[in-house]
1. Can you tell me which residues in segment 47-64 are in contact with a strand residue (DSSP E or B) (Cβ under 8 Å, 6 or more places away or on another chain), part of a helix (DSSP H, G or I) and over 13 Å from Gly156 (Cβ atoms)?
2. Take Glu5 and decide whether it is exposed (fewer than 12 other Cβ atoms within 10 Å of the Cβ), outside any helix (DSSP H, G or I) and not hydrophobic (A, V, I, L, M, F, W, C).
3. Of everything in segment 13-33, what is surrounded by 15 or more Cβ atoms within 10 Å (Cβ to Cβ) and not in a helix (DSSP H, G or I)? Give them in sequence order.
4. State yes or no: is Gly123 buried (at least 16 other Cβ atoms within 10 Å of the Cβ) and either closer than 24 Å to Glu19 by Cα or touching a strand residue (DSSP E or B) at 6+ places or on another chain (Cβ under 6 Å) (or both)?
5. Could you tell me how many of the residues in segment 122-178 are under 21 Å from Phe73 (Cβ atoms), out of contact with any Cys (no Cβ under 6 Å at 6 or more places or on another chain), polar (S, T, N, Q) and touching a residue at least 24 places away in the same chain (Cβ under 8 Å)?
6. Kindly evaluate Arg146 against the criterion of being basic (Lys, Arg) and under 22 Å from Cys40 (Cβ atoms).
7. State all residues of segment 65-82 that are under 12 Å from Gly156 (Cβ atoms) and either surrounded by 20 or more Cβ atoms within 10 Å (Cβ to Cβ) or β-branched (Val, Ile, Thr) (or both); if no residue qualifies, say none.
8. Every residue in segment 65-79 that is of a type in the set (Lys, Arg) and touching a residue at least 60 places away in the same chain (Cβ under 8 Å), please.
Amino acid sequence: MKFIELVRKRQSVRKYLPEMVPRDVLNKCLEAARLAPSACNSQPWSFIVVDDEKIRNKLAEKAFSGIYSLNSFAKKAPIYIVVVTQRSKYTACLAGYFKGTQYSLIDIGIACEHFILQATEEGLGTCWLGWFNEKEVKKVLGIPGRNKVDIIISMGYPQIAQLHNKKRKLLNEISRFY
């Protein structure tokens, strides 16, 4: 499919079929993320794939309960991709400090979008999640305290394949030419 069609097809999915995703398909998505560019080639990410039912259920309960229950729909996702933000290279950190930009978050965003677009091409649905109990996620998965979990991606085959209309600003509202 053409790239613009893929981008139009990508949407946040909140209802998944219970079936698992084959490892080779997950590896394609991870490979797409691995190939993403990053500031000073820091590659400040790692991806934890949670597809074991017992761990997934424990993670879901801890991550999406209490004040985080806004994302309780994700408890039924068959897979979570926990994105761990790691330290950027010194040069990227230094440049980010002077510029007032946290490049590692931009890098994570690019890598996650590569992952999600590959998942979309494979017929999978995903949803970016930034509202979850990070402390509990780190505890369940044994992630060291110095690392940060900024994103969880819920993933699975969508229950409903129908695309919804995207409400976006018009092109002339977001761009200009000189």
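Nothing in this text is a laboratory measurement; each read-out follows from the coordinates by a stated rule. Because the structure is predicted, anything quoted here is derived from the model rather than measured. So basically every Cβ, Gly included, is an ideal-geometry build from the backbone, and we count neighbours across all protein chains shown.
1. Within segment 47-64, Leu59, Ala63 qualify.
2. Criteria not met by Glu5.
3. Selection gives Val13, Arg14, Tyr16, Val21.
4. Values: buried (at least 16 other Cβ atoms within 10 Å of the Cβ): no; either closer than 24 Å to Glu19 by Cα or touching a strand residue (DSSP E or B) at 6+ places or on another chain (Cβ under 6 Å) (or both): yes.
Taking the combined requirement at face value, the residue does not satisfy it.
5. 3
6. Numbers: basic (Lys, Arg): yes; under 22 Å from Cys40 (Cβ atoms): yes.
Judged against the criteria, Arg146 is a match.
7. Those that are under 12 Å from Gly156 (Cβ atoms) and either surrounded by 20 or more Cβ atoms within 10 Å (Cβ to Cβ) or β-branched (Val, Ile, Thr) (or both): Ala74, Ala77, Ile79, Tyr80, Ile81.
8. Going residue by residue through segment 65-79, those that are of a type in the set (Lys, Arg) are 75-76.
Within segment 65-79, just Lys76 meets the criteria.
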